[in-house]
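Take a look at the structure below.
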Amino acid sequence: MVVIPKQHPVLENLNVYYLNVKKLLEHFQGEIGSGGVYFKSHAAEGVIFFDQNELINGFFQDRDIKISGSEAIERLLAAGDNYNLTVNIYEIGAEEVYYWAGIPTAEKIYRDLSTEFTDLEGLIKKMSSEKLTGYIDVSISDGQETGLLFLMNGKMMGGAYSWSNGSPSPSQKNRDLLVQKTKELGGSFNVCRIALNNLEKNNEPDLEQQRPPQRVIAMLEELLAIFEKLVGSKRKKSMDFQKALRQKFVQHAERYAFLDPFAGEFEYFDQRIKYSGQTSDAHLVDGVFTIVKEMALELGLLSTLIEKLDSWSLKYAEDLAQFDIRF
């Protein structure tokens, strides 16, 4: 199943025949950071999701096959040789891109629930209370109309509906209509769960010049990038984030020597970390988290930051538990 939010198109209706898809991905990894490239023709359809460090996941289907992961990515990278596809590029926030990338390989946890025994409105409330990250697949009556309801950590992200072009949207009106149709006509539901931290890591085998950073560095890069973006969007007056960050490094250099700007072991610039120190992963993580939490508190942004970190926290849940990190 190919699902991608289309609210923020960057470019649309390109022809894959004239494109170097690898170079296109490299460009937009640097240009927008995270998003999806959607491929479509009368015979095939596919998507590649990416963030600034890697190609996260892919899905491809035609009349004969449905594949996901690295195999799908490789097929789409070479699509120009075999398919007459149009290509659209969409920007997706760093907090959400892993959610959408996980949809093609989601695990079905409840199958064929019927309106005879299950009310859709009640099911939505139950999945919200259980903090589901996944979606509810709804088939109305004999399947002539369908809908998908998307939830991340129990929060409704919107839906996609067969009577409204099938693209994800936040429409409350369509969601209410879906619930009403199931009450009047009956239907069935499947509930699928997305395991964000178990997504296959596609280390971009065809983009040899890019080596993904170590997991701890990648985790901290994403944390700082989300925080920097939040500061930029919420501060009424412009703030030199890099300067403020370096000032915090100096304040904490006695406890975390690797943060001392004069040592040059740890640098953050343009959403990238350059690290050459020898401290343990635990000490490195503790130092960066201490800085971020203190700055967020001083700026009055801690609660908002925690909300923005929902997807990131799910992605690195095991790592955070290992380092005993909590905001």
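Largest first, the three principal axis extents of the alpha carbons in the range 9-103 are 33, 26, 19 Å in whole numbers. Which order do TYR17, TYR110, TYR316 fall in if you start with the one that has the fewest other Cβ atoms within 10 Å? Least to most surrounded, the residues fall as TYR17, TYR110, TYR316. For the chain, the longest principal axis of the alpha carbon atoms and the long axis of helix 215-234 meet at an angle near 90°. In this rough spin-label picture, where each label sits 7 Å from Cα along the Cβ direction, the LEU19-GLN322 distance is 3.5 nm.
Coupling constants for the range 94-104 follow from the phi torsions by the Karplus curve (6.51 cos²θ - 1.76 cosθ + 1.60, θ = phi - 60°), and in residue order they are 4, 6, 10, 4, 5, 4, 5, 5, x, 4, x Hz; glycine and proline get x.
The simple Förster model, with R0 at 30 Å and r as the Cβ-Cβ distance, assigns GLU12 and SER238 a FRET efficiency of 0.40. Amide H to amide H, with H built 1.01 Å from N, GLY277 comes under 5 Å of no residue 5 or more places away or on another chain.
Each residue, ASP142 and LYS155, gets one label point 7 Å from its Cα in the Cβ direction; the gap between the two is 4.1 nm.
Kindly state, to the nearest 0.05, the FRET efficiency for HIS283 paired with TYR110, given R0 = 45 Å and r defined as their beta-carbon distance. Don't skip to the answer; put the middle values down first.
Working: r = 43 Å, r/R0 = 0.96.
Once the sixth-power term is evaluated, E becomes 0.55.
Here the average projected area of the convex hull drawn through the C-alpha atoms of the chain stands at 18.5 nm². Residue separation of SER162 and PHE269 scaled by 0.36 nm, minus their Cα-Cα distance, works out to 34.1 nm of gained length.
Counting other Cβ atoms within 10 Å as a rough exposure proxy, the listed residues ARG63, ARG326, ARG175 run ARG63, ARG326, ARG175 from fewest neighbours to most. Spacing of the modelled spin labels on GLN214 and THR290, each 7 Å from Cα toward Cβ, amounts to 1.9 nm.
Would you mind checking the range 147-177 for residues with the amide N under 20 Å from a putative spin-label position 7 Å along Cα→C-beta of LYS66? The answer is 147-151, 159-163, 165-168, whose backbone nitrogens lie closer than 20 Å to the label point.
Can you tell me the length gained on complete extension of the stretch THR86 to SER129, counting 0.36 nm per residue apart and subtracting the Cα distance? If you can, show how the numbers build up before the last one.
Values: separation 43, 0.36 × 43 = 15.48 nm, distance 4.02 nm.
Working it through step by step, the gained length comes to 11.5 nm.
Applying the Kirkwood pairwise sum to the alpha-carbon positions of the range 29-160 produces a hydrodynamic radius of 16.4 angstrom.
Across the range 52-58, rounded Karplus estimates of 3J(HN,Hα) from the backbone phi angles (6.51 cos²θ - 1.76 cosθ + 1.60, θ = phi - 60°) give 5, 9, 7, 8, 6, 6, x Hz, Gly and Pro being marked x. Using the Cβ of ILE217 as centre and a radius below 11 Å, the other residues enclosed give a net charge of 0, where K and R count +1 and D and E count -1.
FYI, it's all coordinate maths here, none of it is from the lab. Small disclaimer: the values here were computed from a predicted structure and weren't measured. We place every Cβ from the backbone using ideal geometry, glycine too, and count neighbours over all the protein chains shown.
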